[in-house]
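What follows is one structure encoded as structure tokens, with my remarks underneath.
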Amino acid sequence: MVRVLTVLFTIHCSLFTVKAQRMDDVIEHSKYIQAVDEYRPAPGQYVNDVPEYEEGDTEADMIRKCNENVAGQGPIQSHLIALGGWGGYITFHFDHSIANLQGQRDFAVWGNAYQEMKNLVFGGMNEAGVVMVSKDVNGNGKPDDPWYEISGSCDKDSIGKVDYGYEITYSQNPMGDIPWVDNRGNRGTIDRNHYHEQEYYPQWLPDNLTFKGTRLPDNMWNLSDKVEGSFSPYYYVLVGFAYGYADNLPNFTDDADATSYNYEGCGIDISWAVDENRQPVHLDFVDFVRVYTGLNQKCPQPEWWGETSTEFAGAEDIHLEASLDAIRQATGIRNLTKCQTPCEVNETFDLQGRKVLPNRKGLYIQKGKKIIIQ
């Protein structure tokens with residue numbers, strides 16, 4: 001039996017249109033991501049393991065496993081997803097558009113960065129990922145509209161050290177070091193080590209994977225001369241950048257406490273978005289987010305670690321209710337004008353303004369009121 005519950009939220013009946021914002025027909029919206037859309041990691045020591053590849057898995061299977069790791073979960077409950085070396089990426093969305101609130105961080109991207117020796121460095125194990133955003137302008141629910149990069153702190157404090165037109169291609173080399181070549185005339189490898197015995201090249205993806213984007217400045221420091229009692233001649237750390245990247249700073253302001261989220265360090269302001277010419281763009285909402293590994297470097301000492309690779313642990317809309325309120329205002333759900341003619345008793349609209357027959361669960365507009373069908 002279908003139950004109809006009327007919400008105590010009265011509006012005037014009208015036809016309305018949605019510009020490019022989305023708000024899924026769910027009873028309760030989540031501040032965490034709804035689903036992963038794309039997962040295309042570069043080769044790396046954790047690839048095929050986090051999440052685990054099983055023989056015969058397709059790209060859809062791996063995306064499903066990514067969803068099991070992070071969808072609907074915060075940084076405490078989620079499991080990591082490895083993006084591999086430079087360029088490897090993940091794309092995801094929420095059950096609603098994220099509003100761009102003036103002067104505020106809008107969403108946070110979680111990773112596994114941590115702080116080490118606060119008296120010496122800013123950060124310690126920070127494998128920064130570049131963040132991109134997109135608005136579903138064509139309304140098809142797919143991440144196929146223009147993408148804009150979030151301009152992080154390196155654009156201001158590392159001028160001349162950021163490579164904005166970087167491109168790299170990885171080639172298969174089963175159970176061996178994975179070779180790569182870039183568009184700057186450089187060659188190198190993703191090196192195997194004794195810690196990770198699985199294949200490093202993503203086995204469900206084709207040979208000669210190519211990625212394009214922004215390469216961030218190397219951030220690896222050797223602090224052996226500053227660390228007393230170091231157990232080797234080397235003590236490497238990956239320092240953090242000031243703001244604007246994923247897996248760049250710890251998820252919590254105090255790792256020992258793990259209750260206060262580091263929204264300042266992990267938060268992203270949509271207003272930082274720039275176009276391909278590095279010019280600011282104004283986006284009132286975004287619908288898709290992409291994160292890719294932004295560093296192409298490896299530790300020169302194999303006993304420490306291999307390549308720098310961003311890990312993803314989910315994302316959060318920092319101001320969920322404000323996003324939903326902004327969508328309602330933009331779509332007219334809160335301030336609809338009266339119909340010129342009386343509304344038909346059976347007139348029902350979904351939250352995208354389409355006249356529908358309410359034959360499934362969700363939120364609808366009917367007879368001047370917002371209703372939930374369960």
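The values are calculated or read from the model by the stated rules, or taken from the named source; none is laboratory data. As the structure is a computational prediction, the values presented were derived from the model and not from experiment. Because the Cβ atoms are built from the backbone with ideal geometry, glycine has one as well, and the counts that use them run over all protein chains shown. Remember, those area values only see protein heavy atoms, side chains included, never the ligands or the DNA or RNA. Shrake-Rupley method; radii C 1.70, N 1.55, O 1.52, S 1.80 Å.
Could you work out the local net charge near Asp182, counting Lys and Arg as +1, Asp and Glu as -1, over the other residues with Cβ closer than 12 Å to its Cβ?
Details: positive: Arg184, Arg187, Lys212, Arg215; negative: Asp163, Glu167.
Counting the neighbours of Asp182, the net charge comes to +2.
Note on Leu101 and Asn183: the model spin-label points, each 7 Å out from Cα along the C-beta direction, lie 3.8 nm apart. Overall, the anisotropy analysis places region 47-146 in the oblate class: the square-rooted eigenvalues a ≥ b ≥ c of its C-alpha gyration tensor yield a/c not less than 1.5, with a/b not exceeding b/c.
Of the listed peptides 278-287, 185-194, what is their order by residue-averaged count of other C-beta atoms within 10 Å, with the highest listed first? Intermediate values should be presented prior to the final figure.
Numbers: 278-287: 16.0, 185-194: 14.1.
Ranked by mean Cβ neighbours within 10 Å, highest first: 278-287, 185-194.
Across region 120-129, rounded Karplus estimates of 3J(HN,Hα) from the backbone phi angles (6.51 cos²θ - 1.76 cosθ + 1.60, θ = phi - 60°) give 10, 9, 8, x, x, 9, 10, 10, 4, x Hz, Gly and Pro being marked x. The 3J(HN,Hα) values that the Karplus relation (6.51, -1.76, 1.60; θ = phi - 60°) gives for region 176-192 are, in residue order, x, 4, 8, x, 9, 9, 10, 8, 10, x, 9, 10, x, 9, 8, 7, 6 Hz. Gly and Pro appear as x. Applying 1/(1 + (r/R0)^6) with r as the Cβ-Cβ distance of Asp325 and Asn140 and R0 = 25 angstrom yields a FRET efficiency of 0.50.
In the context of the full protein assembly, Glu311 retains an accessible surface of approximately 10 Å², using a probe radius of 1.4 Å and ignoring ligands and nucleic acids. The calculated FRET efficiency for His194 paired with Arg278, based on their beta-carbon distance and R0 = 35 Å, is about 0.25.
For Gly123, the amide hydrogen comes within under 5 Å of the amide hydrogens of Glu116, Gly240, counting only partners 5 or more places away or on other chains and with H modelled in the peptide plane.
Beyond 23 Å in Cα-Cα separation lie the following of the pairs Lys212/Lys298; Lys31/Lys65; Lys135/Lys298; Lys31/Lys156: Lys135/Lys298; Lys31/Lys156. Is the C-alpha gyration tensor of region 136-228 telling us rounded, prolate or oblate? Criteria: a/c under 1.5 is rounded; beyond that, a/b larger than b/c is prolate, otherwise oblate. Since a/c reaches 1.5 but b/c is at least a/b, the shape of region 136-228 is classed as oblate.
A simple rule links phi to the HN-Hα coupling: the Karplus curve 6.51 cos²θ - 1.76 cosθ + 1.60 with θ = phi - 60°, which for region 243-252 gives 6, x, 9, 9, 6, 10, 9, x, 5, 10 Hz, with x for Gly and Pro.
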